[in-house]
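Derivation of every value follows stated rules applied to the coordinates shown; laboratory data play no part. Fair warning: this is a prediction, and the values are worked out from it, not measured in the lab. Note: ideal-geometry Cβ built from the backbone for every residue, glycine included; neighbour counts use all protein chains shown.
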Amino acid sequence: MKKNLIFGYLLILFFTLSAQKNTPSVFDPDLKIANQMKTDELKNSKVDEYLYLLCDKAGTKLTGSSGMLRTDTLAMLEMKKLGLDNVRIEKAKTWERGGWELKKAYMAMTAPYYMHFYPAPVAWTGGTNGLISDKVYYFSATSQEELNELKGFYTGKIVLMPDVMQYQINFNPLATTYTDQQLKEMETLPITTTKKKSGLPAKNVLLTYQDILDFLRNEKAAVVIHETGEFNVPVISFFKYKMGDPVSPCEINITSEHHGLMQRLIENGEEVRLEVEIDVEFINDENIYYVVGEIKGIDPKLKDELVIIGAHLDGYPMNNGAGDNVTNSVGVLEAMRILKSLDIKPKRTIRMILWNGEEVGLHGSKGYVQKYVKDENGNKLSEYDKISAYYNADYGPGKFRGISTQNNIALEPLFKAWTEPWHHLGFTTVIHRNFTSTDHVTFDEAGIPAFQFIQDPLEWGRGSHRVMDFLDRLVPDNIRHNAIIMAWFAYKTANLEEKLVRKE
Ligand SMILES: [Zn+2]
């Protein structure tokens, strides 16, 4: 009897201890932090205020323009108000293009009848030097021989470039979010190697679009009109100008519908006339900047190490850059607000950076990496061994649904564990893809663990790089969600015993 009692007691003790061992997460102090992060965001969010400031008040933000400086300054002031350390606008590097600004854009068809158009001048091309009112010529040469015969003809004229788009009725929804099934499918990706293209494209058979454009630029046409975009929403594009070069002729993007209208009228023998006035300013500022601020680490051994969160703040002319990429810049700023609000004292320093120059070639992040991480010759610099991770956000106004390890499979267990508190919000997925086309690539290529979040596509392709990228299209609750996740990843990374494992 006594023996049985002792045995029973031991048995209970064993189960109690093992149960405690298997369910320690309830007592994980970081889960309390997770709770506090969510509660703080629900109670004290400044997302709406930041959105107004960096979209509506700041305005356009093309790298090198006065709008960029205005936006950087507004962001810097907010970072100072938060009480971040070492807040400043810092020069990243020089570049050869300099700034460009649109001062006026007007365009309308005046014959055979009046129709106003929405012109999107190509950034870094010239203006019209006042109002031009002239006949429009549709470019129709298709061979080099025809081109030679046309030498001198287009100088000083308004030229409509060849048709490149065919409008298609689209039955797809305007906006989408990822289904659980789609996220699941992203988790696997077999190894594939790029196949070599067979054969060479036929040369000199027909003129390419670029051949025609080069010809018209050399001929100094007065205005060159491109066809891009639909629904009166032109796509915006850039010309690769170099400071000191002669200014290239005025180029304007208009939508497929307006291009098609003029093309059909001309092909049917009508005389089409346009009034155009484009006024632009070239700015001789060869500097590219970023805005930076931080929460200092407190661990005596680790405080000089860094976790960086960032997004690009620059955009295009003619819009406010709301979905690309104010939405994510605000997410980063709000993540820092949450960390400050909870008075988090991280072991490592948590730094935020808002880049300029991303849309024109990742120049802000490249400048930073070349200054602090790895120079152009591959020499390791002061922060190479200090940065644990760089987290970037630049895939539109959608909610974070997961993160890619950027093919660093060793991080899967850690990142999966970090998603757990947020499964109820829809942040569930860890994948292994090499995400491209934005600032984390610069860090990844320099050997620093660098990541981009998976974001719901929403209206991807309708806003960014087009003239209608405004605050109305954003979803503030998605930014609140993203800010919590960013704050959490920054916090967890900053407090690890070790830096994140590197790929090589
Ligand atoms: Zn972007």
Computed ³J(HN,Hα) along the stretch 47-63: with the Karplus parameters 6.51/-1.76/1.60, θ = phi - 60°, integer Hz and x for glycine or proline, the list is 4, 5, 5, 5, 5, 4, 4, 8, 9, 5, 6, 6, x, 5, 8, 6, 3
The ratio Rg/Rh over the Cα atoms of the stretch 250-321, Rh being the Kirkwood inverse mean 1/r radius, stands at 1.33
Here, Glu412 and Met243, labelled 7 Å along Cα→Cβ, have an inter-label distance in nm of 4.9
If R0 = 51 Å, then Glu497 and Gln166, at their Cβ-Cβ distance, give a FRET efficiency to the nearest 0.05 of 0.30
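Which value in Å does the Kirkwood hydrodynamic radius of the stretch 88-162 take, with 1/r averaged over all unlike C-alpha pairs and then inverted? If you can, show how the numbers build up before the last one.
Numbers: mean 1/r = 0.0619 Å⁻¹.
So the Kirkwood estimate lands at 16.2 Å.
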Note on the stretch 362-504: alpha-carbon gyration tensor, axes a ≥ b ≥ c; rule is a/c under 1.5 for rounded, else prolate if a/b larger than b/c, else oblate; result oblate
In order over the stretch 97-103: 3J(HN,Hα) from phi, Karplus 6.51/-1.76/1.60, θ = phi - 60°, whole Hz, x for each Gly or Pro, gives 7, x, x, 8, 9, 8, 9
With a ≥ b ≥ c from the Cα gyration tensor eigenvalues, square-rooted, and the rule rounded for a/c under 1.5, otherwise prolate when a/b > b/c and oblate otherwise, the chain is prolate
Under 5 Å from the placed amide H of Ser65, counting only residues 5+ away or on other chains, we find Trp100
Here the net charge surrounding Glu49, from other residues whose Cβ is less than 13 Å away from its Cβ (Lys, Arg +1; Asp, Glu -1), is +1
The size of the Cβ-based charge dipole (Lys, Arg +1; Asp, Glu -1) of the stretch 315-354 about the Cα centre, to the nearest 20 debye, is 360
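What GluC sites (Glu not before Pro) does the stretch 365-466 have in DSSP loop regions with at most 15 other beta carbons within 10 Å? Write down the numbers at each step before the final one.
Details: sites: Glu376, Glu383, Glu445, Glu459; in loops: Glu376, Glu383, Glu459.
Answer by residue number: Glu376.
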Once the in-chain neighbours fewer than 8 apart are removed, the aspartates and glutamates whose Cα is under 18 Å from Lys303 read Asp85, Glu294, Asp343, Glu383, Asp385, Glu497, Glu498
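Among all stretches of the chain without exposed chymotrypsin sites (Phe, Trp or Tyr not before Pro) (DSSP loop, at most 11 other Cβ atoms within 10 Å), which one is longest?
Values: sites that count: Tyr113, Tyr114, Tyr167, Phe171.
Formally, the longest exposed-site-free interval is 172-504.
Which pairs break 27 Å Cα to Cα here: Lys93/Lys340; Lys103/Lys135; Lys38/Lys503; Lys61/Lys184; Lys91/Lys242; Lys57/Lys240? Before the final figure, lay out each step's value.
Numbers: Lys93/Lys340 30 Å; Lys103/Lys135 24 Å; Lys38/Lys503 32 Å; Lys61/Lys184 37 Å; Lys91/Lys242 19 Å; Lys57/Lys240 29 Å.
Pairs exceeding 27 Å: Lys93/Lys340; Lys38/Lys503; Lys61/Lys184; Lys57/Lys240.
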Per residue convex hull volume, Cα only, the stretch 326-426, in Å³ is 147
